[in-house]
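A short reminder: the numbers here are calculations on the coordinates, not readings from a lab. The model shown is predicted, which means the values in this text are computed figures rather than measured ones. Methodologically, a virtual Cβ is constructed for each residue, glycine included, from the backbone with ideal geometry; neighbour enumeration extends over all protein chains shown.
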Amino acid sequence: MVTIEEALKILTDQQVKLKTEIRNLSECLGFSLSKDIVASFDMPSFDNSAMDGYALSGISKEYIIVGEVAAGDESRVTLKEGEAARIFTGAKVPENTTAVMMQEKTKTTGNKLFLDQEPRDGQSIRKRGEELKKGQVVFEKGYTITPAGIGMIGGLGLDKVEVFKKPVINLITTGNELVLPGKEKQEGQIYESNSFALASACEKYGFKCIDKKQIEDDFKAIKAGIKESLEHTDVLILSGGISVGDYDFVKQALEENGVEELFYKVFQKPGKPLYFGRKGDKFVFALPGNPASSLSCFYIYVLPLLYKLSGSSKTGLERYTFSASHDFENRSDRPSFLKVKIENNEVEILDGQGSSMIRSMALGNALAFLDAETSVKKGDLIICYLIS
Ligand code: AMP
Ligand code: MG
């Protein structure tokens, strides 16, 4: 048995080999950069107008309009003091422009322009290089690309990006009692829901589970399933069969497949029977079968490894502290991850904390960490890991 800290340290200390690939810009979302992106030019690359209005030369309330520049025009207009040019958002400002005045604050009569107020020097001009200077690091290696990141990279003119490959994930669920949703279930059977929850958790964080197997509590079948999955996976996630029951064959089946145990059992609630192992470059998690346990373990342990294997600088769920909205007694003798809902900056610890109860997790938006046998008073700060 290890502590949560020890388990996380074992995970994050793993040496991993990362592979890179070149991807099209439009297919980079959620991938992490394998090298820094450096600006190859100033951004913006020319002084341009932030408004539809008038480019003005000198500070005054009256100007003579001498020309026009639209976005994309190569501005050939040069202004003299007291002159103005009609200009549109994004257009390069003419030589000698002091400021741009938005058109809503102007009046014209013929070629005369009148302002409601004098412009401020530099007003509404986006200066060359004000966002980025040529040679500046825009994003560092390990940056995980967001939609805005795609916009930025595209703005730098790059249509291809070198990123780290993402790990290939396989999922195996075990249990004689499991029936797929949509099928009829007999007395004593339950619906197999973990593979759906786990695969969608992978998906939510940008990872794909490419193969799913459901196997009975049969040692030989589990051993064969693990062998087969390990041949074409980077991360194998098993659900169920890792506890101490007579039908829990997963640990032995992993051993017999040459998987080295890195930890087994974590002093926590839920998710005590969590197993983590490695065979060469391949990693294995065996998660307890209880639905809330398996998903909690995914969030707290599997996700950090997936980020690491994808070269991301992210280390796991986002973590914040919020104050408790009510008193609470954690009676567990183990440190606990509780299903909570953060609303208006306060944490409500939800009803339905059982390891099998996933509805509270579905209605909540975070896991709160509480030490064993602690009492929380309304207003106390609690560490929360956001899950939505
Ligand atoms: P186990 O870890 O195999 O002992 O299972 C613990 C509990 O989780 C049992 O009540 C199982 O029926 C349930 N369980 C196991 N696997 C799944 C699954 N894939 N989907 C839903 N519940 C499961
Ligand atoms: Mg089982």
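Taking the convex hull of the alpha carbon positions in the chain and averaging its projected area over all directions gives 25.9 nm². Rounded to the nearest 5, the antiparallel percentage of DSSP beta bridges internal to the range 125-278 is 25%.
For Thr315 and Ser375, what does the FRET efficiency come to when R0 = 51 Å and r is the distance between their Cβ atoms, rounded to the nearest 0.05? Don't skip to the end; give the middle numbers.
Numbers: r = 30 Å, r/R0 = 0.58.
Calculated value: 0.95.
Here the contact order of the chain, divided by its residue count and restricted to Cα pairs under 8 Å and six or more residues apart, works out to 16 percent.
What the phi angles of the range 189-198 give under the Karplus curve with 6.51, -1.76 and 1.60, with θ = phi - 60°, is a coupling list of 9, 9, 7, 7, 10, 4, 5, 6, 5, 5 Hz, glycine and proline written as x.
3J(HN,Hα) couplings calculated from phi for the range 133-149 with the Karplus curve 6.51 cos²θ - 1.76 cosθ + 1.60 (θ = phi - 60°) are, in sequence order, 9, 3, x, 6, 6, 7, 9, 8, 3, x, 5, 8, 6, 9, x, 5, x Hz; Gly and Pro show x.
Which shape class, rounded, prolate or oblate, goes with the range 67-108 when its Cα gyration tensor gives a ≥ b ≥ c as root eigenvalues, a/c under 1.5 marks rounded, and past that a/b bigger than b/c marks prolate? In terms of gyration-tensor shape, oblate. DSSP finds beta bridges in the chain, and of those with both partners inside it, around 65 percent are antiparallel.
Please sort by residue number the GluC sites (Glu not before Pro) in the range 183-258 whose DSSP state is loop and whose Cβ has at most 11 other Cβ atoms within 10 Å.
Passing sites in the range 183-258 are Glu184, Glu187.
For the chain, a Gaussian network of Cα nodes joined below 10 Å ranks Gly157, Gly354, Gly316 by mean-square fluctuation, and the top entry is Gly157.
Quick check: from the Cα gyration tensor, does the range 248-352 come out rounded (a/c under 1.5), prolate or oblate? It is oblate, given that a/c is not under 1.5 and a/b is not larger than b/c. As a calculated quantity, the FRET efficiency between Gln136 and Ser200 at R0 = 35 Å, using C-beta atoms, amounts to about 0.35.
The separation of the range 72-110 from the range 269-286, counted between C-alpha centres, amounts to 64 Å. Computed over the chain with a Gaussian network model linking Cα atoms closer than 10 Å, the most mobile of Glu162, Glu21, Glu131 is Glu131.
The GluC sites (Glu not before Pro) of the range 73-104 meeting both criteria, a DSSP state outside H, G, I, E and B (loop) and at most 10 other C-beta atoms within 10 angstrom of the site's C-beta, are Glu74.
Mind checking the dipole of the chain: about its Cα centre, +1 per Lys or Arg Cβ, -1 per Asp or Glu Cβ, Debye to the nearest 20?
Dipole of the chain, to the nearest 20 debye: 560 debye.
Of the residues Arg120, Arg23, Arg128, the one that moves most in a GNM of the chain with alpha-carbon contacts below 10 Å is Arg120. Dividing the mean sequence gap of close Cα pairs (under 8 Å, 6+ apart) by how many residues the range 253-368 holds gives a relative contact order of 22 percent. Can you tell me how the range 312-388 classifies by the Cα gyration tensor, rounded, prolate or oblate, using a/c under 1.5 as the rounded cut? It is rounded, given that a/c, with a ≥ b ≥ c, falls under 1.5. Entry note, the range 346-388: relative contact order of 38 percent, from Cα contacts under 8 Å with a spacing of 6+ residues.
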